[in-house]
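Bear in mind that the values in this text are calculations on the coordinates, not laboratory data. Bear in mind the structure is a predicted one, so any value in this text is a computation, not a measurement. Because the Cβ atoms are built from the backbone with ideal geometry, glycine has one as well, and the counts that use them run over all protein chains shown.
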Amino acid sequence: MKEKRLLILGSSEEFTDLIREAVSRGIYTVVLDGYTGNPGKQFASASYDVSVFDTEAAAEIARRERADAILTAYSDVLFEQSVKIAAAAGLPYYIRPEQLPFYRDKNEQKKLMKQAGIGAPASVLLMPDFDEAALGDLSFPLVIKPLDGYGTKGVYVVHSPAELREYFPLAQAGSARPGVLAEEYVPWPEYNSMAWVHEGEVTVLSINDRERTPRGPHQVPVLSRIVYPSRHLPEFYDEVKAAYTAFVRAAGQTEGPVSLQFFWKKGHPLKVCEFAGRCLAYEHELFDYVAHLSLPGLFLDSVYDPERLGRTLRAHDCFFPKTVAGIYYVAEEKKITDCSACRRIAAWPGVLSTAIYYREGETYRTDGYYAYPVRYFIGADTRAGLDALTERIYRTAQILGPEGENILFPFRLPEETAVKPRALHTLEEFTGALASDAPAPGGGGAGALTAALAASLASMVGAISRTKAKDERRERLDKLAGRAEELRQKFIAAVDGDETAFIPLSAAYRLPKDAPDRAAVLESALNVAADAPFSLIPLLGETAQLLQSAAEDGSRLVLSDVICGSHLTEAALKIAAVNVRVNTALMKDRERAQALEQKTEALLAAYIPPAREAARRAQERF
């Protein structure tokens, strides 16, 4: 039997499963990219540190190694280069060079979608010297993006013609093609899907909810969570499959992977943002938790065993019985001093997999080798359970920067899925529960409410004082009020989060005393219960700093509120410390318990003085 010899473009962590699967099947596997020491190269039969952008050099390697096929999987750039290298080396491939613009030129793709009758946001191609008349009937806000971009690189939201001209050069920077695509911003929920084309027929592999959290006015919302399967899958499955079918027929694709991103709102036809000729990056591991097939297997079967590929696709059902999610954190570009909170989350029930890509002492960069500082895969029996676990992670996850601040972007669930904290219902309900004989809510929830009151006062001082402030002082007060409001929301969520963190501890105490895993379960639950108040302490430190600023810049009319906020901050810090210690005192792992107690004491020593100084300074100006 003739030896199978495969060239794979890409050797990062994303590609290791594909490389290992190929080698395990007895395929002579050659890996090529320009990154020395990438993990996938250690598993390959042969590897080359050659840039994938050097098409002729890559084609020469393919000929020298007698490759009979070429594959790549999860990258737009690698997909584009694989098409070019395959053509240069005379290798078979599912996309030909003349088809490439339908996948990699956003304007050409929009034209094809229009011809195929696929709904999409209204858009227009703009050149640097564009006339405003070229916008036609487009309505602001608009999203502008490079024609050959990927991910959110070079993507901006603009709200006026002036902003469009201001951000145009930024959108085009780094692009190999002139002009940008401007399309109407669609504020609907967003979804991702993967499919496979075999013998001209489309099999939908998955459709998931792609949740985003809003950020700055000129930035598209940041990806926070991907959930399999979509909660609305039955409602738009047929429409999604029809869009795939129309696109691949118009593009002439008869084999291989294809993905799409789309917007959908109940009662409206879906609007497709874009198609891609690959599977989705960062999702193949998550897909493995819910699907009864592997994406690496599909890629290899598409080249070497098309009959098995057909059988696998015919048996596939994307209405998965399990529900899983991936949480993909982003952060500020700062030096990391502490990842321990994220490591502790890894031990929680329902957390399937954790990847912390940076260590203490390293600096997170948005353009670094790893796009995310930390990633979680989680699972639950129901969507409600998944949402509850997600909210708990959102409240707890921290990576601390140089000043003890949490540098992770604050995620939140979309409005339609968010689990409302009970404290948001009424104060009467919360205080009534607090006064009852139930063990929770308790002191931790009361402390979080105290913290929320402190942050609320800081926000109020900023909001009132800025009305008559000017220039730099007004800008400082605007930032103060905005950040204090963010902290207020975090503390309000933590009121309910304290009760949520008590649930596993309560369940652990109910286990029979002779249960073989009782000690381990109890220890884990104590860690969870201690994490809840500990996670508030750095946020309270930031509240104290905001109140210091308020004491300096705030109007004399509200200095008494600065003093009240400072006293509340100190009280909340002490309450949080008490609730850390009450749990560490019961831990069997004394080394871990003492380390957490020492961190707590050190943070209190750092944060109580600023709270007192804010009160002192406000009293001087009072």
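Annotations for the structure displayed:
- Count Lys and Arg as plus one, Asp and Glu as minus one, and take only other residues whose Cβ is under 10 Å from that of ALA291; the net charge is then -1.
- For the chain, the longest principal axis of the C-alpha atoms and the axis of helix 106-115 are separated by about 70°.
- Helix-only mean residue ellipticity at 222 nm for the chain, each DSSP H run of n ≥ 4 adding -39500 (n - 2.57), per residue, nearest 500: -15500 deg cm²/dmol
- With Cα atoms, 0 to 90° folded angle of helix 233-251 axis to the chain main axis: 40
- Couplings 3J(HN,Hα) for region 182-189, derived from phi with the Karplus relation 6.51 cos²θ - 1.76 cosθ + 1.60 (θ = phi - 60°), are 10, 9, 5, 6, 10, x, 8, x Hz, where x marks Gly and Pro.
- Distance between modelled label sites at ARG510 and ALA384, nm, 7 Å Cα→Cβ extension: 1.6
- Pair ASP478, ARG63: separation of 7 Å Cα→Cβ label points (nm): 6.1
- Sorting 510-523, 376-389 by average packing, meaning the other beta carbons within 10 Å per residue, from highest down gives 376-389, 510-523.
- Amide H contacts under 5 Å for ALA331, placed H, 5+ residues apart: PHE409
- Look at where the Cα atoms of region 262-335 and of region 1-56 average out, and the two centres are 22 Å apart.
- Additional length obtainable on full extension of the chain from ASP589 to LEU170, 0.36 nm per residue less Cα span: 145.6 nm
- Label selected from (1) 80, 72, 47; (2) 85, 67, 43; (3) 81, 60, 57, the criterion being Cα extents along the principal axes in Å as computed here: (1)
- Amide proton proximity set for SER224, modelled H, under 5 Å, gap of 5+: GLU211, ARG212, THR213
- Here ARG249 and MET127 are evaluated by their C-beta separation; at R0 = 25 Å the FRET efficiency comes out at 0.20.
- With a Förster radius of 56 Å applied to the C-beta separation of GLU307 and ALA371, the computed FRET efficiency comes to 0.90.
- Residues whose amide H comes within less than 5 Å of that of GLY10, counting only those at least five positions distant or on another chain, are LEU32, ASP33 (H built at 1.01 Å from N in the peptide plane).
- The phi-based Karplus calculation (6.51 cos²θ - 1.76 cosθ + 1.60; θ = phi - 60°) puts the 3J(HN,Hα) values of region 481-488 at 5, x, 5, 4, 5, 4, 5, 4 Hz, whole numbers, x for Gly and Pro.
- Summing charges over neighbours of GLY34, with a neighbour being any other residue whose Cβ is under 13 Å away from its Cβ, gives -2 when K and R count +1 and D and E count -1.
- With the simple model of a label 7 Å out from the Cα in the direction of the Cβ, GLU199 to ASP471 spans 7.6 nm.
- Environment charge at HIS316 (Cβ cut-off 13 Å; Lys +1, Arg +1, Asp -1, Glu -1): +1
- Sequence ranges 308-319, 451-462, 329-340, ranked by mean other-Cβ count within 10 angstrom, highest first: 451-462, 329-340, 308-319
- Segments 182-193, 545-556 sorted - mean Cβ within 10 Å per residue, highest first: 545-556, 182-193
- Segment GLU360-LEU135, length gained on full extension (0.36 nm per residue, minus Cα span): 76.2 nm
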